[in-house]
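Q: Following this message is one structure expressed as structure tokens.
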Amino acid sequence: MTDPITSAKDGDVLVITSNNPPVNALSNAVRQGIARAVEAGLTDDTVKAMVIACEGRTFFAGADITEFGKPMQEPSLPVLVDAIEASEKPIVAAIHGTALGGGCEIALACHYRIAAPSAKLGLPEVKLGILPGAGGTQRLPRVAGVEFALELATKGDPVTAGKAKDAGLVDRLAGDDLIADAVAYAREVADARPLPRASEGTVTVEPGVFDAFRKTNAKRFRGYDAPAEIISVIEETASLPYAEGVQRERNGFMKLIMGVQSAAQRHIFFAERKASKIDDVPEDTQLRPIRKVGVIGAGTMGGGISMNFLSAGIPVTIVEMQQEALDRGTGTIRKNYEATAAKGRMKPEQVEGAMGLLTPTLKMEDLADCDLVIEAVYEEMGVKKSIFGKLDTICKQGAILASNTSYLDVNEIAASTSRPQDVLGMHFFSPANVMKLLEVVRGDATAPDVLATVMDLAKKIRKVAVVAGVCHGFIGNRMLMPRQVEAMKLLHEGATPEQVDRVHVEFGMPMGPFQMSDLAGVDIGWHRDPNRIENIRDALAAEGRWGQKKSAGFYDYDEKRTPSNSPRVAEIIEEFRQKTGTPQHEVTEEEIIERTLYTMVNEGALILEEGKAQRASDIDVVWIYGYGWPPYRGGPMFWADTVGLKTIVAGLEKHGFPVAKLLRDKAEKGERFN
Ligand code: 3H9
């Protein structure tokens, strides 16, 4: 194997360069190479200073996550960073791309840091359920202050080089030639002593900072182990010398990396990347160019879908049937952009730029030159088939025709055209401009290049896309069904909506099944006959308790939409229990979990068995990005692995549910889904 580290002398400056594509992860070979090169620089009398830089698209993006859990070869990253800092000759980090995690820690250990203005720096370890374990919790507060360090290390989002410079994390911004500027910088500081060593600094901290930070972010950090541990490490070590502080950091790192949460979050990191790969479609498949997109329907969904493309600089033609609806739709898009600008997350000219790419029209014929058309009208097969029939006559050959259906049979929709190979489902989640998930539904006839094009496009509009097969509700909504059905049955048998929801929220979901019904609309899918009352939902809907929009659903809501338990709902439930004579029992938390979550896992197993998802980890990605499943539990299938598949099977059997063959087989063989 070729050495990923090379060194070259530029006069009296040794430039040490890493070339370990794709992201210069700090693998065993990279760490060993850097240690060797620094050592060589120290022993070479003609070298007065050194530069550490990277080739390719980025500075070190962190420790090599694939090496976690494997035997560690020396030098470990903590040892390497200390060796860099201990160098008697100045070392300059030349940063481009993303200096993340261990990469940022290498930069912190260097005596000077120069960055390309486009570079970003960050400590994303928290997103992998761990903490910066190579001195990051110690050097960063010393260099850039406690508050900056807390932000960076507990939230994991990188900052621009400019912001890093303002905070003291970067010393200089480079011009057009980073390496030349870094070499010049190294030469400039070659004789300056003492060397600035981050570990030798002190931490100044105002009283109350840590508690205030915990309080402000309590909601965001709820359920996660890593942010709490990071805050504690920085707090407990603020007044300690580096050597002691770094020991506390090490202990915290080891505790977190051995935990289930970190395993779950690392699983999600790789699952997300794997999801974009289509098993039977080669990676080099020729893609169709998508220069212009058409969206049919300017309602909430159509508007949100359009925004994804406008924000990515792709022109959109949006079609409605009535001028009023069209105006309302485009007005909402503008309002959303302006709200983003008001929060400072967009410049006014960017708002105008995005709006300038939007062409509203009442004529379907205007979609003739679109490369992709997404239909986002209401869920009725007849309507969808008629639209696709029309699109077939209007759209140019080779255009991709997509439906945003959340349940319907994409094969049947495709059959209403003469080009089923160009048809697929693009199931966006509401609000479509915000939610990261895109289920890409592959019809029986969908051409491989159509699928590959849409998966690639998903990345451009910053979505996490998962391929699903045609079945009722695809992956996400199909798994939601047993959960909602069981939640409702539990009400009949003695549980309250508050109790079921509380168990789900404590599990880590953003909301429980009944809170979700109230948000989505209790009337969704209701038959609309107030005299036909067959279940509790019918009774609520008949009384106009349609959820948050009516200030009444499974809960009562005040004008700020704060929920409270509803005595009327309790009455309705009681009436139903009596009417149906359903035997009552005390419903435990365990039963709620088994009946509403184990059944989801079982449905996931059926989906896999039927080949409607490519892999278990895809199902996990759907639930994390589409429904807010807590990442620290790794998605339903990963979570099932941690519970133990035998336990899941036993729980299902206890309540008389049929068990999916795949689940039973895996349980019997002692296997896992992931
Ligand atoms: C750490 O540093 C711990 C230390 O504090 C202490 C240690 C003691 N390792 O995302 P992409 C792969 S923890 C191994 O599609 P992009 C990735 O799987 C680390 N592999 O590219 C993918 O492989 P494939 C802290 C990695 O341009 C390929 O590279 N650092 C790593 O959209 C391309 O990735 C992080 O958490 C890695 N560290 O985004 C940073 N990173 O092609 C994690 C990536 O086979 N990385 N791969 O699917 C990222 O955030 C993004 O990859 C990055 C590039 C922004 C760098």
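Q: Mind checking which helices (runs of 4 or more DSSP H) fall wholly inside segment 130-174 and carry at least 1 residues that are under 23 Å from Ala243 (Cα atoms) and touching a strand residue (DSSP E or B) at 6+ places or on another chain (Cβ under 7 Å)? Step through it out loud before you land on a result.
A: Working: elements: 136-144, 146-155, 161-167.
Per the criteria, 146-155.
Q: Let me ask something else about it. Tally the residues that are crowded, with 16+ Cβ neighbours inside 10 Å and among the basic types (Lys, Arg), restricting the search to segment 508-549.
A: Residues meeting the conditions: 2.
Q: Might you let me know whether segment 84-91 holds any residue that is within 30 Å of the chain's Cα centre (by Cα) and more than 15 Å from Ile34 (Cα to Cα)?
A: Of all residues in segment 84-91, those within 30 Å of the chain's Cα centre (by Cα) come to none.
Checked segment 84-91: no residue is within 30 Å of the chain's Cα centre (by Cα) and more than 15 Å from Ile34 (Cα to Cα).
Q: Turning to a different aspect of this structure: Going through segment 96-116 one residue at a time, which ones are over 26 Å from the mean Cα position of the chain (by Cα) and either surrounded by 24 or more Cβ atoms within 10 Å (Cβ to Cβ) or not small (Gly, Ala, Ser) (or both)?
A: Let us first name the residues in segment 96-116 that are over 26 Å from the mean Cα position of the chain (by Cα), namely 106-116.
Result: Ile106, Ala107, Leu108, Ala109, Cys110, His111, Tyr112, Arg113, Ile114, Ala115.
Q: On to the next question. Under 6 Å between Cβ atoms, which residue pairs at least 6 apart in sequence (or on different chains) link something in segment 31-48 that is in contact (Cβ under 8 Å) with a residue 40 or more places away in the chain and over 12 Å from Val13 (Cα atoms) with a partner that is buried (at least 17 other Cβ atoms within 10 Å of the Cβ) and of a type outside the set (A, V, I, L, M)?
A: Listed by first residue and then by second, the contacts come to Arg31/Pro75; Ala35/Pro75.
Q: Quick one: what pairs do we get from segment 459-481, first residue surrounded by fewer than 18 Cβ atoms within 10 Å (Cβ to Cβ), second among the aromatic types (Phe, Trp, Tyr), C-beta under 6 Å, 6+ apart or different chains?
A: His472/Tyr407
Q: Can you name the residue in segment 123-132 that is buried (at least 24 other Cβ atoms within 10 Å of the Cβ) and not β-branched (Val, Ile, Thr) and is also farthest from the ligand (Cβ to nearest atom) among such residues?
A: Of segment 123-132, the ones buried (at least 24 other Cβ atoms within 10 Å of the Cβ) are 123, 125-126, 128-132.
Among the residues that remain, those that are also not β-branched (Val, Ile, Thr) are: 123, 125, 128-129, 131-132.
Values: Leu123: 7, Glu125: 5, Leu128: 6, Gly129: 10, Leu131: 7, Pro132: 4 Å.
Across segment 123-132, the extreme among qualifying residues is Gly129.
Q: I've got another one for you. Step by step: first the residues of segment 133-160, then only those that are within 15 Å of the ligand (Cβ to nearest atom) and farther than 25 Å from Lys255 by Cα, then the one that is surrounded by the most Cβ atoms within 10 Å (Cβ to Cβ). Which residue is that?
A: Step by step, filter segment 133-160, then rank; the result is Val159.
Q: Determine which member of the set Ala94, Ala63, Ala99 is near the ligand (Cβ under 8 Å from one of its atoms) and touching a Leu at 6+ places or on another chain (Cβ under 7 Å). Before you say what the answer is, go through the steps one by one.
A: Working: Ala94 fails: near the ligand (Cβ under 8 Å from one of its atoms); Ala99 fails: near the ligand (Cβ under 8 Å from one of its atoms).
After applying the criteria, what remains is Ala63.
Q: Which residue is farthest from the ligand (Cβ to nearest atom), if the candidates are limited to segment 68-86 and must be crowded, with 17+ Cβ neighbours inside 10 Å and of a type in the set (Val, Ile, Thr)?
A: Looking at the filtered set, the residue picked out is Ile84.
Q: Name the residue that is surrounded by the most Cβ atoms within 10 Å (Cβ to Cβ), counting only residues in segment 197-229 that are polar (S, T, N, Q) and in contact (Cβ under 8 Å) with a residue 60 or more places away in the chain. Write out each step before concluding.
A: Filtering segment 197-229 down to residues polar (S, T, N, Q) leaves 199, 202, 204, 216-217.
If we keep only those that are in contact (Cβ under 8 Å) with a residue 60 or more places away in the chain as well, we get 199, 202, 217.
Values: Ser199: 20, Thr202: 11, Asn217: 16.
Residue satisfying both the conditions and the ranking: Ser199.
To keep it simple, each residue is scored yes or no on (1) loosely packed, with under 15 Cβ neighbours inside 10 Å; (2) of a type outside the set (Gly, Ala, Ser); (3) without any contact (Cβ under 8 Å) to a residue 24 or more places away in the chain.
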{"position": "Glu603", "(1), (2), (3)": "no, yes, no"}
{"position": "Glu609", "(1), (2), (3)": "yes, yes, no"}
{"position": "Val622", "(1), (2), (3)": "no, yes, no"}
{"position": "Thr647", "(1), (2), (3)": "yes, yes, yes"}
{"position": "Phe673", "(1), (2), (3)": "no, yes, no"}
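Q: Which pairs have Cβ atoms under 6 Å, sit 6 or more apart or on different chains, and link a residue in segment 253-281 that is over 18 Å from Ala63 (Cα atoms) and among the basic types (Lys, Arg) to one that is within 13 Å of the ligand (Cβ to nearest atom) and not in a loop (DSSP other than H, G, I, E, B)?
A: These pairs meet every condition: Lys274/Ser617.
Q: Could you say which residue among Val30, Val23, Val47 is within 30 Å of Phe269 (Cα to Cα), assigned to a loop (DSSP other than H, G, I, E, B) and β-branched (Val, Ile, Thr)?
A: Working: Val30 fails: assigned to a loop (DSSP other than H, G, I, E, B); Val47 fails: within 30 Å of Phe269 (Cα to Cα).
One residue alone meets the criteria, Val23.
Q: Return yes when Gln261 is in contact with a Pro (Cβ under 8 Å, 6 or more places away or on another chain) and within 16 Å of the ligand (Cβ to nearest atom) and no when it is not.
A: Details: in contact with a Pro (Cβ under 8 Å, 6 or more places away or on another chain): no; within 16 Å of the ligand (Cβ to nearest atom): yes.
It is false that Gln261 is in contact with a Pro (Cβ under 8 Å, 6 or more places away or on another chain) and within 16 Å of the ligand (Cβ to nearest atom).
Q: Still on this structure, please answer the following. Determine which single condition Phe270 fails, assuming it passes every other condition in (1) more than 22 Å from Asp392 (Cβ to Cβ); (2) of a type outside the set (A, V, I, L, M); (3) in contact with a helix residue (DSSP H, G or I) (Cβ under 7 Å, 6 or more places away or on another chain); (4) in a helix (DSSP H, G or I).
A: (3)
Q: Let me ask another. Just to be sure, is Val383 surrounded by 18 or more Cβ atoms within 10 Å (Cβ to Cβ) and of a type in the set (A, V, I, L, M, F, W, C)? Full working, then the answer.
A: Values: surrounded by 18 or more Cβ atoms within 10 Å (Cβ to Cβ): no; of a type in the set (A, V, I, L, M, F, W, C): yes.
So Val383 fails the test.
Q: Of these, Glu272, Glu249, Glu244, which one is closer than 30 Å to Leu150 by Cα and crowded, with 23+ Cβ neighbours inside 10 Å? Let's see the steps before the verdict.
A: Numbers: Glu272 fails: crowded, with 23+ Cβ neighbours inside 10 Å; Glu244 fails: crowded, with 23+ Cβ neighbours inside 10 Å.
Unique residue meeting the criteria: Glu249.
Q: When Asp518 is evaluated against the numbered criteria (1) in a helix (DSSP H, G or I); (2) free of Cβ contacts under 8 Å to residues at least 40 places away in the same chain, which criterion, by number, is the only one it fails?
A: Result: Asp518 fails condition (2) only.
Q: Turning to a different aspect of this structure: Keeping to segment 638-668, report how many residues are in contact with a Phe, Trp or Tyr (Cβ under 9 Å, 6 or more places away or on another chain) and small (Gly, Ala, Ser).
A: Looking only at that region, the number is 2.
Q: So which residues in segment 303-326 are acidic (Asp, Glu) and either at positive phi or in contact with a helix residue (DSSP H, G or I) (Cβ under 8 Å, 6 or more places away or on another chain) (or both)? Quick ask: steps written out before the conclusion?
A: We begin by selecting, within segment 303-326, every residue acidic (Asp, Glu); these are 320, 324.
Scanning segment 303-326 gives a single hit, Glu320.
Q: Something else now. What are the residues in segment 1-51 that are over 18 Å from His111 (Cα atoms), hydroxyl-bearing (Ser, Thr, Tyr) and either crowded, with 21+ Cβ neighbours inside 10 Å or more than 13 Å from the ligand (Cβ to nearest atom) (or both), if any?
A: Thr2, Thr6, Ser7, Ser18, Thr43, Thr46
Here, each number is a calculation from the coordinates, and none is a lab measurement. Note that the coordinates shown come from a computational prediction; the quantities given were computed from them, not determined experimentally. Because the Cβ atoms are built from the backbone with ideal geometry, glycine has one as well, and the counts that use them run over all protein chains shown.
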